[in-house]
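Here is the structure we will look at.
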Amino acid sequence: MADQNTLRVLDPTGTLSIATDGMAERPDSLAGKRIGLLSNDKLNSEALLDAIYDVLAERFDVSTSHRINKGDASRPAEPEFLSDFSNEVDVALLANGD
(Lines give C-alpha, C1' and ligand atoms only; values in the text may rest on other atoms or scores of the structure.)
Protein backbone atom coordinates (compact mmCIF):
# COMPACT_ATOMS: atom_id res chain seq x y z
CA MET A 1 0.00 0.00 0.00
CA ALA A 2 1.47 3.38 -1.02
CA ASP A 3 1.86 6.25 1.47
CA GLN A 4 -0.74 8.91 1.04
CA ASN A 5 0.63 12.47 0.76
CA THR A 6 -1.54 15.39 1.74
CA LEU A 7 -1.14 18.78 0.16
CA ARG A 8 -2.13 21.58 2.50
CA VAL A 9 -2.87 24.94 0.86
CA LEU A 10 -2.61 28.07 3.00
CA ASP A 11 -4.19 31.43 2.29
CA PRO A 12 -1.46 34.10 2.74
CA THR A 13 -3.88 37.02 2.88
CA GLY A 14 -4.58 38.59 6.23
CA THR A 15 -7.09 40.96 7.64
CA LEU A 16 -6.35 44.65 7.45
CA SER A 17 -5.43 46.07 10.82
CA ILE A 18 -4.59 49.68 11.54
CA ALA A 19 -2.98 50.32 14.89
CA THR A 20 -4.14 53.53 16.49
CA ASP A 21 -2.69 53.12 19.97
CA GLY A 22 -0.21 55.87 20.67
CA MET A 23 -1.20 57.94 17.64
CA ALA A 24 -1.72 61.66 18.08
CA GLU A 25 -5.23 63.00 17.82
CA ARG A 26 -5.96 64.43 14.39
CA PRO A 27 -7.08 68.05 14.21
CA ASP A 28 -10.49 68.87 12.77
CA SER A 29 -8.89 71.46 10.49
CA LEU A 30 -5.47 72.67 9.43
CA ALA A 31 -6.58 76.30 9.53
CA GLY A 32 -4.12 78.34 11.56
CA LYS A 33 -1.94 75.29 12.31
CA ARG A 34 1.86 75.30 12.34
CA ILE A 35 2.95 72.55 9.97
CA GLY A 36 6.17 70.69 10.79
CA LEU A 37 8.15 69.14 7.94
CA LEU A 38 10.64 66.55 9.18
CA SER A 39 12.91 65.01 6.55
CA ASN A 40 15.51 62.31 7.04
CA ASP A 41 18.34 63.54 4.78
CA LYS A 42 17.56 61.07 1.99
CA LEU A 43 17.50 62.30 -1.58
CA ASN A 44 14.20 64.00 -2.45
CA SER A 45 12.72 63.86 1.07
CA GLU A 46 12.78 67.65 1.44
CA ALA A 47 11.39 68.18 -2.06
CA LEU A 48 8.56 65.75 -1.32
CA LEU A 49 7.66 67.55 1.91
CA ASP A 50 7.82 70.94 0.19
CA ALA A 51 5.44 69.73 -2.54
CA ILE A 52 2.99 68.36 0.03
CA TYR A 53 3.19 71.58 2.04
CA ASP A 54 2.49 73.65 -1.08
CA VAL A 55 -0.73 71.69 -1.67
CA LEU A 56 -1.77 72.04 1.98
CA ALA A 57 -1.02 75.78 1.95
CA GLU A 58 -3.20 76.21 -1.15
CA ARG A 59 -6.14 74.29 0.31
CA PHE A 60 -6.02 75.35 3.96
CA ASP A 61 -5.24 78.54 5.81
CA VAL A 62 -2.15 77.17 7.56
CA SER A 63 -0.18 79.46 9.83
CA THR A 64 3.47 78.64 9.14
CA SER A 65 5.83 75.82 8.31
CA HIS A 66 8.76 74.61 10.36
CA ARG A 67 11.25 72.66 8.23
CA ILE A 68 13.91 70.50 9.81
CA ASN A 69 16.14 67.67 8.66
CA LYS A 70 17.07 65.05 11.25
CA GLY A 71 20.28 64.48 9.31
CA ASP A 72 20.63 60.69 9.33
CA ALA A 73 18.26 58.28 7.61
CA SER A 74 19.82 55.23 9.24
CA ARG A 75 19.18 56.28 12.85
CA PRO A 76 16.06 57.33 14.72
CA ALA A 77 15.84 60.91 15.88
CA GLU A 78 16.82 61.53 19.48
CA PRO A 79 13.87 61.95 21.88
CA GLU A 80 15.01 65.49 22.80
CA PHE A 81 15.17 66.42 19.11
CA LEU A 82 11.61 65.15 18.58
CA SER A 83 10.39 66.87 21.73
CA ASP A 84 11.84 70.21 20.61
CA PHE A 85 10.34 69.73 17.14
CA SER A 86 6.91 68.84 18.50
CA ASN A 87 6.88 71.98 20.65
CA GLU A 88 7.26 74.11 17.50
CA VAL A 89 4.42 72.57 15.48
CA ASP A 90 0.76 71.56 15.66
CA VAL A 91 0.90 68.96 12.89
CA ALA A 92 3.94 67.00 11.69
CA LEU A 93 4.66 65.51 8.27
CA LEU A 94 7.55 63.09 7.86
CA ALA A 95 9.16 61.97 4.63
CA ASN A 96 11.49 59.23 3.51
CA GLY A 97 13.20 60.05 0.22
CA ASP A 98 14.87 58.20 -2.66
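Summed over region 48-62, residues that are in contact (Cβ under 8 Å) with a residue 12 or more places away in the chain and over 18 Å from Asp90 (Cβ atoms) total 2. In the condition set (1) surrounded by 13 or more Cβ atoms within 10 Å (Cβ to Cβ); (2) over 14 Å from the mean Cα position of the chain (by Cα); (3) of a type outside the set (Phe, Trp, Tyr), Asn87 is compliant with all but (1). Among the residues of region 9-40, write down those that are closer than 21 Å to Asn96 by Cβ, in contact (Cβ under 8 Å) with a residue 40 or more places away in the chain and not aliphatic (A, V, I, L, M). Within region 9-40, Gly36, Ser39, Asn40 meet the criteria. Based on this model, can you work out whether Gly32 counts as over 17 Å from the mean Cα position of the chain (by Cα), small (Gly, Ala, Ser) and either surrounded by fewer than 10 Cβ atoms within 10 Å (Cβ to Cβ) or modelled with pLDDT of 90 or more (or both)? Yes: the conditions hold for Gly32.
Residues checked against (1) modelled with pLDDT under 95; (2) under 22 Å from Arg26 (Cβ atoms); (3) acidic (Asp, Glu); (4) within 14 Å of the chain's Cα centre (by Cα):
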residue: Gly36; (1), (2), (3), (4): no, yes, no, yes
residue: Asn40; (1), (2), (3), (4): yes, no, no, yes
residue: Leu43; (1), (2), (3), (4): yes, no, no, no
residue: Leu48; (1), (2), (3), (4): yes, yes, no, yes
residue: Ser63; (1), (2), (3), (4): yes, yes, no, no
residue: Ala73; (1), (2), (3), (4): yes, no, no, yes
residue: Ala77; (1), (2), (3), (4): yes, yes, no, yes
residue: Phe81; (1), (2), (3), (4): yes, no, no, no
residue: Asp98; (1), (2), (3), (4): yes, no, yes, no
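One residue is enough: does region 33-42 have a residue meeting the conditions in a loop (DSSP other than H, G, I, E, B) and of a type in the set (A, V, I, L, M, F, W, C)? No, region 33-42 contains no residue that is in a loop (DSSP other than H, G, I, E, B) and of a type in the set (A, V, I, L, M, F, W, C).
The values are calculated or read from the model by the stated rules, or taken from the named source; none is laboratory data. Since the model is a prediction, treat every value here as computed from it, not as a measurement. No Cβ is skipped: glycine too gets one built from the backbone with ideal geometry, and neighbour counts run over all protein chains shown.
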